[in-house]
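K.L.:
Take a look at the following structure, please.
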């Protein structure tokens, strides 16, 4: 009887003893910063066109936003909080989806979702966004904690197709990588229109539409100037002050919450994924 080849186990970078990612996972922050991070990821044409033209319609954000949201948050939960078995199983499921995301001959932009280089860029955006969110809500991290967080966040890539040695060696190397990677940011009108439609919640049912101005405000606030300009989104000093006050206030509130609530809904999505795996239900 034929047997399937097991999915390779995830390889990670070493993380100092005593570091606990649960101290930094913020459900509030992730929901607010998430749309901006999607824009950053899709600012590379290979990612933008790969997502926009994906033939995997079952989980497309434009058609099934709630399912897409569940899959995305489950991936983040598994990458940040999951064990080796969680991440190996989730990678196997995601690989089945990503294998279908390949450009057709003659397309304007060539892409392949399994490309480790694109996966490294996505992981870099997620790390950048994680640190940015933490610092905007709670202030700068001590160097030792920042170094440990950086090593841990390699899991954003190693949970998928990025080899561990593709992750820049330390934060200084990451800054150099980021500066070089910014040169490839290129959001054309088609991708910008697609991203704006998501940011304005046009893919959600009508009752959600009144939230769109707030989502656009927060998304624009989280975008670094390069990406904001690439999207053609205006931003004023007054808006920046409002945004800073909002994030500081939310950070104050979050610090008073027990960790289990700060981590919600990531802890819920991780538990859901483990139940799905136990009962042999689809993970994505």
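K.L.:
Looking at the stretch 239-251, which of the residues that are surrounded by fewer than 16 Cβ atoms within 10 Å (Cβ to Cβ) and in contact (Cβ under 8 Å) with a residue 40 or more places away in the chain is farthest from residue 80 (Cα to Cα)?
P.N.:
244
K.L.:
Right, something else. Pick from 206, 228, 155, 176: which is free of Cβ contacts under 8 Å to residues at least 24 places away in the same chain, in contact with a helix residue (DSSP H, G or I) (Cβ under 9 Å, 6 or more places away or on another chain) and more than 21 Å from residue 50 (Cβ to Cβ)? Step through it out loud before you land on a result.
P.N.:
Working: 206 fails: in contact with a helix residue (DSSP H, G or I) (Cβ under 9 Å, 6 or more places away or on another chain); 155 fails: free of Cβ contacts under 8 Å to residues at least 24 places away in the same chain; 176 fails: in contact with a helix residue (DSSP H, G or I) (Cβ under 9 Å, 6 or more places away or on another chain).
So the residue among 206, 228, 155, 176 that is free of Cβ contacts under 8 Å to residues at least 24 places away in the same chain, in contact with a helix residue (DSSP H, G or I) (Cβ under 9 Å, 6 or more places away or on another chain) and more than 21 Å from residue 50 (Cβ to Cβ) is 228.
K.L.:
Okay, moving on. I'd like to check something: does the stretch 154-163 contain any residue that is buried (at least 21 other Cβ atoms within 10 Å of the Cβ), under 28 Å from residue 246 (Cα atoms) and at pLDDT 95 or above?
P.N.:
Among the residues of the stretch 154-163, at least one is buried (at least 21 other Cβ atoms within 10 Å of the Cβ), under 28 Å from residue 246 (Cα atoms) and at pLDDT 95 or above, which makes the answer yes.
K.L.:
Going through the stretch 98-127 one residue at a time, which ones are surrounded by fewer than 17 Cβ atoms within 10 Å (Cβ to Cβ), touching a helix residue (DSSP H, G or I) at 6+ places or on another chain (Cβ under 7 Å) and part of a helix (DSSP H, G or I)?
P.N.:
116
K.L.:
Just need a number here: residues in the stretch 16-28 that are in a loop (DSSP other than H, G, I, E, B) and under 20 Å from residue 140 (Cβ atoms). It would help to see each step written out before you state the result.
P.N.:
Step one: of the stretch 16-28, the residues in a loop (DSSP other than H, G, I, E, B) are 16-20, 24-26.
In the following step, the residues that additionally are under 20 Å from residue 140 (Cβ atoms) were identified as 16, 18-20, 24-26.
Selection size over the stretch 16-28: 7.
K.L.:
So, one more: How many of the residues in the stretch 170-219 are assigned to a helix (DSSP H, G or I) and closer than 30 Å to residue 16 by Cβ? Break it down into steps so the answer makes sense when it comes.
P.N.:
Just the residues of the stretch 170-219 that are assigned to a helix (DSSP H, G or I), to begin with: 171-184, 189-199, 206-219.
Next, only the ones that are closer than 30 Å to residue 16 by Cβ stay: 171-182.
Within the stretch 170-219, residues that are assigned to a helix (DSSP H, G or I) and closer than 30 Å to residue 16 by Cβ number 12.
This table checks each residue for (1) modelled with pLDDT under 95; (2) surrounded by 15 or more Cβ atoms within 10 Å (Cβ to Cβ).
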site	(1), (2)
12	yes, yes
16	yes, no
25	no, yes
30	no, yes
43	no, yes
48	no, yes
56	yes, yes
77	no, yes
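K.L.:
Restricting the first residue to the stretch 252-271 and requiring it to be in a loop (DSSP other than H, G, I, E, B), which pairs with a second residue that is surrounded by 12 or more Cβ atoms within 10 Å (Cβ to Cβ) meet a Cβ separation below 6 Å and a spacing of at least six or different chains?
P.N.:
Sorted first by the residue in the stretch 252-271, then by its partner, the pairs are 263/22; 263/25; 264/27; 265/27.
K.L.:
Consider the stretch 135-149. How many of its residues are crowded, with 22+ Cβ neighbours inside 10 Å and either on the phi > 0 side of the Ramachandran plot or under 17 Å from the mean Cα position of the chain (by Cα) (or both)?
P.N.:
Count: 0.
K.L.:
Going by what's in this entry, would residue 166 be described as closer than 20 Å to residue 123 by Cβ, modelled with pLDDT of 95 or more, touching a helix residue (DSSP H, G or I) at 6+ places or on another chain (Cβ under 6 Å) and surrounded by 14 or more Cβ atoms within 10 Å (Cβ to Cβ)?
P.N.:
yes
The values are calculated or read from the model by the stated rules, or taken from the named source; none is laboratory data. Remember, predicted model here, so these are calculated numbers, not experimental data. All Cβ positions, glycine included, derive from the backbone under ideal geometry; neighbour counts span all protein chains shown.
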